[in-house]
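Engineer: Just passing along the structure, written as structure tokens.
The values are calculated or read from the model by the stated rules, or taken from the named source; none is laboratory data. Quick caveat: nothing in here was measured; it's all calculated off a predicted structure. Note that each Cβ is placed from the backbone with ideal geometry, even for glycine, and that neighbours are counted across all protein chains shown.
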Amino acid sequence: MSKAGADTEQTKRSGGKKTSNLIKLTPGERIFSGFNYFLFLLFGVVTIFPFLNLIAKSLSSEAAVISGMVTLYPIDIQWGTYKYVLKDSLFLNSFRVSVFITVVGTALSLFMTALAAYPLSKPRLRGRKYFILIYIFTMLFSGGLIPTYLLMHNLGLINKLPVLFLPAMINVFNMLIIKNYFESLPDSLEESAKIDGASNMRILFKITLPLSKPVFATIALFYAVQFWNDYFMSMIYINSASKKPMQLYLKELLVSASDAFISGDNLGNIDAAMNATPQAIQAASILLATIPILLVYPFLQKYFVKGVLIGSVKG
């Protein structure tokens, strides 16, 4: 019987009404789904409230911010605060430092993590289990802050930008995700390449890595957020103001907003400073520091869930 005939027969048996193949939810399941939708909507609204408050403060006039009238929408909109922040030499310099650390640190971290994950994904590697245990041990235990500082000092990295990404180039958790992803790739691809005479490095760069875009896009986002948001390492290892990244600048701005209010290049910027209060400067600076990550995330979102799920389990 053809598909059309089967549909006609099914329609006749159902009293002239064509039945649907959709699964009907029970009343309890509908209530549960509705509760989940409401709960996630509530979480989303609560999460976006701080951003709306920052936007409102950064765009509101000095009198509105000082009087505490600003909540979720700006009052007496003005753009002087953003003009003030964007002409601040400390802000611009810290922004450049953070971009450099994030781009270089993420690229090197992906490269080193791939080099560590690839051999550990091969069961034929001798001592493979012991190497994995050593990595996991370093994930759970560290030498401590003082020994690490002494090591960086002996290596001559204090007050130099490489100290902000070299010690954190391999994250063990990220390496294990990539290792599991490599293990999920078919062995026949590597066997075919070896028959053609390809070396291990050629197989890694020509076959394995091109097939691993989802997991690498996900891990790249992890590393980028890690380097962009880190301020602790720069607070410990960086002494020069010209080498401080964005997050350390924001931390010092939040601690002493009145001092940051009179930065060197803005002394003559009277027009922009007229409506710039310390709270508005904080809000504008935080928003401008958040924009780069917000711009990068949409391009990696399509790989995010796929990369994490495939790399998190084997098989």
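Engineer: Of these, K194, K243, which one is out of contact with any Gly (no Cβ under 9 Å at 6 or more places or on another chain) and under 29 Å from L54 (Cβ atoms)?
Structural biologist: Numbers: K194 fails: under 29 Å from L54 (Cβ atoms).
Exactly one residue qualifies, and that residue is K243.
Engineer: Within the range 57-85, take every residue that is touching a Leu at 6+ places or on another chain (Cβ under 8 Å) and without any contact (Cβ under 8 Å) to a residue 24 or more places away in the chain and give me the one that is surrounded by the most Cβ atoms within 10 Å (Cβ to Cβ).
Structural biologist: P74
Engineer: Could I ask something else about it? Being touching a helix residue (DSSP H, G or I) at 6+ places or on another chain (Cβ under 9 Å) and assigned by TED's automatic domain parsing to the domain that holds S240 is true for just one of N154, N159. Which residue is that?
Structural biologist: On inspection, the qualifying residue turns out to be N159.
Engineer: State all residues of the range 233-276 that are surrounded by fewer than 12 Cβ atoms within 10 Å (Cβ to Cβ), at pLDDT 85 or above and in a helix (DSSP H, G or I); if no residue qualifies, say none.
Structural biologist: S242
Engineer: Among the residues of the range 102-116 satisfying the criterion of being of a type outside the set (A, V, I, L, M) and closer than 15 Å to N229 by Cα, which is surrounded by the most Cβ atoms within 10 Å (Cβ to Cβ)?
Structural biologist: The initial filter retains those residues of the range 102-116 that are of a type outside the set (A, V, I, L, M), namely 102, 105-106, 109, 111, 113.
Remaining after also requiring closer than 15 Å to N229 by Cα: 102, 105-106.
Details: T102: 25, G105: 23, T106: 22.
Looking at the filtered set, the residue picked out is T102.
Here's the yes/no breakdown for (1) outside the structural domain of I178 (by TED's automatic domain parsing); (2) assigned to a loop (DSSP other than H, G, I, E, B); (3) modelled with pLDDT under 90; (4) under 18 Å from the mean Cα position of the chain (by Cα):
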position	(1), (2), (3), (4)
L92	no, no, yes, no
V97	no, no, no, yes
T102	no, no, no, yes
A107	no, no, no, yes
F111	no, no, no, yes
L115	no, no, no, no
Y118	no, no, no, no
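Engineer: Give me the pairs, please: first residue somewhere in the range 124-153 and among the small types (G, A, S), second residue anywhere and surrounded by 12 or more Cβ atoms within 10 Å (Cβ to Cβ) and modelled with pLDDT of 90 or more, beta-carbon distance under 7 Å, and either six or more positions apart or on two chains.
Structural biologist: none
Engineer: Please tell me if K179 is at pLDDT 90 or above and either assigned by TED's automatic domain parsing to the domain that holds A217 or more than 30 Å from T290 (Cβ to Cβ) (or both).
Structural biologist: Yes; evaluated as a whole, the condition is true for this residue.
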